[in-house]
Amino acid sequence: MSDLTQKPAPAPSRPSRLAQMWDSDFAYAFRHSPVAIVALLVVLVLFLAALFAPWIAPHNPFDPATLNLMNGFTPPGQPNAFTQDTFLLGTDDQGRDVFSTILYGMRISLFVGISAVLLAMIIGVILGLVAAYVGGWVETLIMRVADVQLTFPAILVAMLIFGIAKGFTPPEYRNQMAIWVLIVAIALSDWVQFARVVRGAALVEKNKEYVQAARLIGRGSFPIMFRHILPNVLSPVLVISTISLALAIIAEATLSFLGVGAPPTQPSLGTLIRIGQGFLFSGEWWILFFPAVTLLALALSVNLLGDWLRDALNPKLR
Amino acid sequence: MLAYIIRRVFQSVIVLLVVGLVAFSMFRFVGDPIDNMLGQERTQADIDRLRTELGLDKPFPVQYFKFLQGAVEGNFGVSYRQGRPVSTIIAERAPATLELAAVSGFLAITLGIALGVFTAIRRQGFAANAIMTVSLIGVSLPTFLIGILLIYIFSVELDLLPSFGRGETVKIGNWSTGFLTASGLKALILPAITLGLYQMTLIMRLVRSEMLEVLRADYVRFARARGLTDRVINFRHALKNTLVPVITVTGLQLGSIIAFAIITETVFQWPGVGLLFINAIQFVDIPVMAAYLMLISVMFVSINLIVDLLYYAIDPRLRIDGRTA
């Protein structure tokens, strides 16, 4: 039969992957939500600016060689009285370009925020899956700890963990370790959200037929949990992590503002605001104003994106 | 009922024991307490004597038990930084925090309920919509930025209110109060607003949504049909029925006010317990940190226990089986 040896006729021109994605409900909802588009644009611009800070920033604020103390307190957009240098957003007391410090500060804020959310996600997803799949006293223990932790405000938990961890670090490493301690503290204050959501979703998935089938052909608990159930509970995880990112950025800024977060050698947006508050009364408003506006834009747009994502992925609202 | 109470109390005690263990480990393993207490000129005999005196030669569980005993009696040792008993320092600082928390809690509840009722009754009005929009922005602003904004407007630009400290205080026994002097009251305004704003928006939105629900209920329609005035319907019939959830949430928020006071106190350099705690973290003053940790845990755990038990007493559905989750 010549028919069988023939190559199968190409399927009636299937749209490409990209076109399929463009046509999906999700993309459609996105294209018709101006808030989501603007929020995503702001997030992308800030994210790229932070990522490429060393190439974008006109100065390296942490290289003393490029600093000129004479440039201190230059108002934004005006030439300095002594050096005639102009700075887009002005300079601080040590003549550091505020625009550059914001770019570098945003790097640290985003790095801490994203790492903390990733860590919280890993801890929360694993514990949530295990709690749902194993059940019994393991589940009781995990969920009890989660319940107890939920009764404390997350920022307080992060502060306490930071304090305790700082106490346990040897003094000579405290400044170097501060960023990592900060990430762990914020992550540990936030894992509960992930664990509860994953457990809830996994409890439903656990009783579905595909899990029973997998168990029947003898797959172990570990592959069933992470290869079969996990992909099916990921969409709520995505929503939670976006909202968590906004909260983590604000938590990091708050802790650094209070002076118990990023050290002065690695200033994040919160540290910059803390420094700027000192110049509020002497009239150098730009040292405080621009970092604060950047923080707000970042936190607000991530938050709006998370809200939109929650509505878009919720089938009940369609 | 009894089994539930016992289980709940038991659980609270375990939480406190774990927190106590963390606090105790900080004491025991961060640095050497002997090093912190004795100066440069010490002999091995001194060290041995102090070690026995403090009970540091005893086994770990015995030491832990002694630590708990001390904590229950309010004895948390001596601050490394100030060289004075921690309990004295906290007792000095507590009035500032408690006054601030009380005023902002009062503001949050009264304004929150009033604005909630207003926005529910005038749902379509311009003012109500404006309030709702502003509250949305208020919720997304971090607390410390609200504080700085208020300082900028009222202290820097208008020069009306002080930007830091408590103003003049009057001592009544061991309690130093800022309520009795003009400067004390003026100093209280900005921090109280900063601290209360978030809770206020929370209460406002809750009251609003509960009110909207209740105003649709049959008994309100019948009240209207009977010809009762709007005022009587809104306040005597509707508001009363929204208060149960409001009271619960307010109770749970009580602890948050004390916790968030840490941020407000730092912004305004308010000499309260929160600022003390932040300084303790900065200078790794372990006894103060441990004491604060224990205090705040006891507070949160007891508030939650009380709210849970009240809920259990109010809501009969929970009594069918004891599981809360």
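The values are calculated or read from the model by the stated rules, or taken from the named source; none is laboratory data. The shown structure was predicted, so the numbers you read here are calculated from the model rather than taken from an experiment. So basically every Cβ, Gly included, is an ideal-geometry build from the backbone, and we count neighbours across all protein chains shown. In case anyone asks, the SASA skips ligands and DNA or RNA and just uses the protein heavy atoms, side chains included. Shrake-Rupley method; radii C 1.70, N 1.55, O 1.52, S 1.80 Å.
So B:T52 passes all but one of these: (1) open to solvent by less than 30 Å² (accessible area, probe 1.4 Å); (2) over 32 Å from the mean Cα position of the chain (by Cα). Which condition number does it fail?
B:T52 satisfies all of (1) open to solvent by less than 30 Å² (accessible area, probe 1.4 Å); (2) over 32 Å from the mean Cα position of the chain (by Cα) except (1).
List the pairs whose first member sits in segment B:174-198 and is at pLDDT 75 or above, whose second member is open to solvent by 80 Å² or more (accessible area, probe 1.4 Å), and whose Cβ atoms are under 6 Å apart, counting only residues at least 6 apart or on separate chains?
These pairs meet every condition: B:T181/B:E168; B:S183/B:E168; B:G184/B:E168.
If I filter segment B:157-172 for residues that are under 25 Å from the mean Cα position of the chain (by Cα), over 25 Å from A:T271 (Cβ atoms) and of a type in the set (D, E), do I get at least one hit?
Yes, because at least one residue in segment B:157-172 is under 25 Å from the mean Cα position of the chain (by Cα), over 25 Å from A:T271 (Cβ atoms) and of a type in the set (D, E).
Residue by residue, here is whether (1) part of a loop (DSSP other than H, G, I, E, B); (2) out of contact with any helix residue (DSSP H, G or I) (no Cβ under 7 Å at 6 or more places or on another chain) holds:
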residue	(1), (2)
B:T119	no, no
B:M132	no, no
B:I137	no, yes
B:L150	no, no
B:I153	no, yes
B:L180	yes, yes
B:G184	no, yes
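Being part of a helix (DSSP H, G or I), farther than 28 Å from B:R51 by Cβ and either without any contact (Cβ under 8 Å) to a residue 24 or more places away in the chain or open to solvent by 80 Å² or more (accessible area, probe 1.4 Å) (or both) is the filter here; which residues of segment B:1-29 pass it?
B:L2, B:I6, B:R7, B:F10, B:Q11, B:V13, B:I14 - these are the residues of segment B:1-29 that are part of a helix (DSSP H, G or I), farther than 28 Å from B:R51 by Cβ and either without any contact (Cβ under 8 Å) to a residue 24 or more places away in the chain or open to solvent by 80 Å² or more (accessible area, probe 1.4 Å) (or both).
Do the conditions hold for B:F126, that is, is it within 21 Å of the chain's Cα centre (by Cα) and in the same structural domain as B:V244 (by TED's automatic domain parsing)?
Considered against the rule, which asks whether it is within 21 Å of the chain's Cα centre (by Cα) and in the same structural domain as B:V244 (by TED's automatic domain parsing), B:F126 comes out as no.
Hey, among B:V301, B:V267, B:V307, which residue is within 13 Å of chain A (Cβ to nearest Cβ), in contact with a helix residue (DSSP H, G or I) (Cβ under 9 Å, 6 or more places away or on another chain), open to solvent by less than 50 Å² (accessible area, probe 1.4 Å) and modelled with pLDDT under 85?
Numbers: B:V301 fails: modelled with pLDDT under 85; B:V267 fails: modelled with pLDDT under 85.
Answer to the selection: B:V307.
Condition check ((1) within 14 Å of chain A (Cβ to nearest Cβ); (2) surrounded by 15 or more Cβ atoms within 10 Å (Cβ to Cβ)) across all residues:
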residue: B:N129; (1), (2): no, no
residue: B:D159; (1), (2): yes, no
residue: B:S183; (1), (2): no, no
residue: B:I193; (1), (2): no, yes
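Has segment A:279-286 got any residue that is charged (D, E, K, R) and crowded, with 19+ Cβ neighbours inside 10 Å? Don't jump to the end; show me each part of the working.
Going through segment A:279-286, the residues charged (D, E, K, R) turn out to be A:284.
From what's left, crowded, with 19+ Cβ neighbours inside 10 Å: A:284.
The answer is yes, given that some residue of segment A:279-286 is charged (D, E, K, R) and crowded, with 19+ Cβ neighbours inside 10 Å.
Any idea which of (1) more than 13 Å from chain A (Cβ to nearest Cβ); (2) part of a helix (DSSP H, G or I); (3) surrounded by 18 or more Cβ atoms within 10 Å (Cβ to Cβ) is the one B:I189 doesn't satisfy?
Just one mismatch for B:I189, condition (3).
Condition first: touching a residue at least 60 places away in the same chain (Cβ under 8 Å) and either part of a helix (DSSP H, G or I) or in contact with a His (Cβ under 6 Å, 6 or more places away or on another chain) (or both). Now tell me which residues in segment A:24-38 satisfy that.
A:D25, A:F26, A:A29, A:F30, A:V35, A:A36, A:V38 - these are the residues of segment A:24-38 that are touching a residue at least 60 places away in the same chain (Cβ under 8 Å) and either part of a helix (DSSP H, G or I) or in contact with a His (Cβ under 6 Å, 6 or more places away or on another chain) (or both).
For B:G178, which of the numbered conditions (1) surrounded by fewer than 18 Cβ atoms within 10 Å (Cβ to Cβ); (2) over 23 Å from B:A130 (Cα atoms) fails to hold?
(1) is the only condition that B:G178 fails.
When the residues of segment B:145-156 are filtered to those that are at the interface with chain A (Cβ under 10 Å from one of its Cβ atoms), touching a residue at least 24 places away in the same chain (Cβ under 8 Å) and within 22 Å of the chain's Cα centre (by Cα), which remaining residue is farthest from A:L269 (Cα to Cα)?
B:G147
Is at least one residue of segment A:39-61 closer than 23 Å to A:M106 by Cβ, outside any helix (DSSP H, G or I), at pLDDT 80 or above and not charged (D, E, K, R)? Break it down into steps so the answer makes sense when it comes.
Here is the first cut: in segment A:39-61, the ones closer than 23 Å to A:M106 by Cβ are A:39-61.
If we keep only those that are outside any helix (DSSP H, G or I) too, we end up with A:52, A:57-61.
Narrowing further to those that are at pLDDT 80 or above: A:52.
Going one step further and asking which of them are not charged (D, E, K, R), we end up with A:52.
The answer is yes; a qualifying residue exists.
Mind telling me which of the residues A:S282, A:S221 ends up being out of contact with any helix residue (DSSP H, G or I) (no Cβ under 9 Å at 6 or more places or on another chain), among the polar types (S, T, N, Q) and more than 26 Å from A:L40 (Cβ to Cβ)? Break it down into steps so the answer makes sense when it comes.
On the way: A:S221 fails: out of contact with any helix residue (DSSP H, G or I) (no Cβ under 9 Å at 6 or more places or on another chain).
Within the list A:S282, A:S221, the selection yields A:S282.
Can you tell which of A:R215, A:R196, A:R219, A:R274 is charged (D, E, K, R), within 19 Å of A:F152 (Cβ to Cβ) and open to solvent by 20 Å² or more (accessible area, probe 1.4 Å)?
Result: A:R196 is the single residue among A:R215, A:R196, A:R219, A:R274 that is charged (D, E, K, R), within 19 Å of A:F152 (Cβ to Cβ) and open to solvent by 20 Å² or more (accessible area, probe 1.4 Å).
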